[in-house]
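Peer 1: Sharing a structure here in structure tokens format.
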Amino acid sequence: MRPFRFAVFALAALVVLSLGFALIPAEEPEPREPSFSEQARAAALGDALDLRAAGMHAASSGAADPAALEPVVTLLTIQARALLSPAPESAPAAPTAAGTPSSPGTPQGAAELVQALAGSGTARVRDAETADGGMARLLAGTGTAQLLAAGRLAAATGLPAPQAIPGPNEPDSDQPGPDKAAGAQDAVPGPGSAFPCPSPSPSLAKEGALATAAGPQQALAAAVAAEQQAVYGYQAALPRLAPAEAGPASEFLGRHGHLAAAAEERLRRACGTAAPQQPGYVLDPNFLAAPAAGLGRLEAATLSAYGDVVAVTEGQDRKWALSALQSAAARAARWGADFGAVPGLSLDVEQLPSLPAGTGPSASTVPAPSSSGS
């Protein structure tokens, strides 16, 4: 009987212990710290919602002209919807990205709103330098559109434009001059240099050694092609433009030549080769009849190419693409083209999630500008 009693007591003790362990709640793991890209997205969403609310308040209170504020509110509404996470109702409160504080206080008038828009746009572009690929493109387009919106709002309300507004001839860090463009080939890494290009042998290709360079190569090659087509378009349009438009167009033509050379040089550094330049391009039938509008469409068409370069590159290549994206959007705006709410990224506004309840009227029904070609 002793072994039997021992077994019974042991079984009872085991049952009690197991029940005790089952009833003791397990310690919840500490929440994972959001990545920089997620922090940057949340900060951009918070700023867009705050600026949107400030714009609606300024319009309703008469602090600024509602007609000037309506496109800004529309822009911020679409951007906020694009920045929403897949499950916004369960997302934590929007933090601020490291090194990118949100605008202090709530803008009360047009002047404060212009400055807040410019500050938010600058922060978004700065975060795009570090964020992950797809998020970098979203932040870059968001910031670029906010900067240009700040400039338009300042002009509409008679205010000075902030210094952060990108210009149509925005310089980049490696814009080739006469000597640099001629010697670009000598600067390209080649066999025996410090950064030799991998040999495209079948064995290396089979092992995927060149896979990491395929994205940057394709994106930079597309940028070269877009710039070459823009050069052709400007050359065709210049004799047909009014004198007031010919001067800026001539400057933009030179800018596109510099961008084409810079893009091709970066492509060679990425061990890629640009396709031979075509002798001519098929232009829109209405291009020659309305060359200024045609140039605007050409400029808007280059935005997606630079958005791709932002998404698949990093470091100096990405900074160069960010500068090129901003200047292209400014040139498109100069010709009156519509480049959408997020330049460089095609958005189907109908498929974007609605804003959460409590973010103001018309959160998901604000009319959207066309995003075709961007």
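The values are calculated or read from the model by the stated rules, or taken from the named source; none is laboratory data. This structure is a prediction, so every number in the text was calculated from the model and none was measured. Counting neighbours? That spans all protein chains shown, and the Cβs are built from the backbone with ideal geometry, glycine included.
Peer 1: Can you go through PRO353, PRO343 and tell me which one is surrounded by fewer than 18 Cβ atoms within 10 Å (Cβ to Cβ) and outside the structural domain of LEU76 (by TED's automatic domain parsing)? Walk me through it before giving the result.
Peer 2: Details: PRO343 fails: surrounded by fewer than 18 Cβ atoms within 10 Å (Cβ to Cβ).
Testing whether each residue is surrounded by fewer than 18 Cβ atoms within 10 Å (Cβ to Cβ) and outside the structural domain of LEU76 (by TED's automatic domain parsing) leaves just PRO353.
Peer 1: All but one of (1) over 25 Å from ASP317 (Cβ atoms); (2) surrounded by 14 or more Cβ atoms within 10 Å (Cβ to Cβ); (3) under 29 Å from the mean Cα position of the chain (by Cα) hold for ALA274; which doesn't?
Peer 2: ALA274 satisfies all of (1) over 25 Å from ASP317 (Cβ atoms); (2) surrounded by 14 or more Cβ atoms within 10 Å (Cβ to Cβ); (3) under 29 Å from the mean Cα position of the chain (by Cα) except (1).
Peer 1: Among the residues of the range 324-340, how many are over 21 Å from VAL224 (Cβ atoms), touching a helix residue (DSSP H, G or I) at 6+ places or on another chain (Cβ under 7 Å) and outside any helix (DSSP H, G or I)?
Peer 2: Count: 3.
Peer 1: Hey, any hits in the range 346-358 for a residue that's more than 19 Å from ALA44 (Cα to Cα) and small (Gly, Ala, Ser)?
Peer 2: No, there is no match, as no residue in the range 346-358 is more than 19 Å from ALA44 (Cα to Cα) and small (Gly, Ala, Ser).
Peer 1: What is the one condition in (1) in a helix (DSSP H, G or I); (2) of a type in the set (Ser, Thr, Tyr); (3) modelled with pLDDT under 95 that THR100 does not satisfy?
Peer 2: Answer for THR100: the failing condition is (1).
Peer 1: Only residues in the range 114-132 that are over 20 Å from LEU75 (Cα atoms) count as the first member; pair them with residues that are surrounded by fewer than 19 Cβ atoms within 10 Å (Cβ to Cβ) and polar (S, T, N, Q), Cβ under 8 angstrom, at least 6 apart or cross-chain, and list the lot.
Peer 2: ASP132/SER35
Peer 1: Which condition does LEU303 not pass, out of (1) within 25 Å of THR142 (Cβ to Cβ); (2) touching a residue at least 12 places away in the same chain (Cβ under 8 Å); (3) surrounded by fewer than 20 Cβ atoms within 10 Å (Cβ to Cβ); (4) of a type outside the set (D, E, K, R), if it passes all the others?
Peer 2: Here LEU303 meets the rest and fails (3).
Peer 1: Checking the condition out of contact with any Leu (no Cβ under 9 Å at 6 or more places or on another chain) and either surrounded by 11 or more Cβ atoms within 10 Å (Cβ to Cβ) or at pLDDT 85 or above (or both), which residue from PRO171, PRO216 passes?
Peer 2: PRO171
Peer 1: Still on this structure, please answer the following. Do we find a residue being under 26 Å from the mean Cα position of the chain (by Cα) and in a loop (DSSP other than H, G, I, E, B) anywhere in the range 237-250?
Peer 2: No, the range 237-250 has no match at all.
Peer 1: For the range 320-334, give me each residue that is surrounded by fewer than 24 Cβ atoms within 10 Å (Cβ to Cβ) and of a type in the set (D, E, K, R).
Peer 2: Within the range 320-334, just ARG334 meets the criteria.
Peer 1: Next up: Just to be sure I understand, how many residues within the range 279-323 are part of a loop (DSSP other than H, G, I, E, B) and over 23 Å from ALA337 (Cβ atoms)?
Peer 2: Total meeting the criteria: 3.
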